[in-house]
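The structure under discussion appears below in the form of structure tokens.
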Amino acid sequence: MELGRLLQELIAAARKADITVRAEPFDPGLSEKGTKWRGGLCVVRGQRIILLDERAPLVDRIATLAASLASVDLEHVFMPPIVRATIGAYGREATARPLPNLTEPRPPVRARRRAPVGGDQE
């Protein structure tokens, strides 16, 4: 299967599982010199969302999406066998590290206040 089509099938599988997929340009400083791309599954106000860095290479967006879907119950979701196999491959890779429980509410994260940049400093 073509990689672009695989990405679209993974997005369709996420939607069938009631997960929103959003691709946005991330701050380039978030990646480790372009070698490790960021993104993944999170819960915002009770809605599951998978965030992808739209600047990341296609294979990295596929990897982030497949790894995120590997932590979700997709038994009831129909998808082509190659898509299920891709998710399964990333699921086996992820079993080495424990995943957080995304079903329990967590306290909100608050940003720290920073000193103004370029302002009057003494």
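Read-outs: derived from the displayed coordinates by stated rules, not from any lab. Worth saying up front: this structure is predicted, and the values here are computed from it rather than measured. Because the Cβ atoms are built from the backbone with ideal geometry, glycine has one as well, and the counts that use them run over all protein chains shown.
Long-range amide H contacts for residue 23: which residues qualify at under 5 Å (H placed 1.01 Å from N, peptide plane, sequence gap of 5 or more or a different chain)?
Residues meeting the amide H criterion: 52.
Report the extension gain between residue 42 and residue 5 in nm, rounded to one decimal, defined as 0.36 nm multiplied by the number of residues separating them, less their alpha carbon distance.
Residue separation times 0.36 nm, minus the Cα-Cα distance, leaves 10.9 nm.
Based on a Kirkwood Rh over C-alpha pairs, give the Stokes-Einstein translational diffusion coefficient of the stretch 1-88 at 4 °C and viscosity 1.567 mPa s in µm²/s.
98
Please list 56-65, 71-80 highest first by mean number of surrounding beta-carbon atoms within 10 Å per residue. Kindly include the intermediate steps, with their values, before the conclusion.
On the way: 56-65: 18.7, 71-80: 13.4.
So the peptides 56-65, 71-80, ranked by packing, come out 56-65, 71-80.
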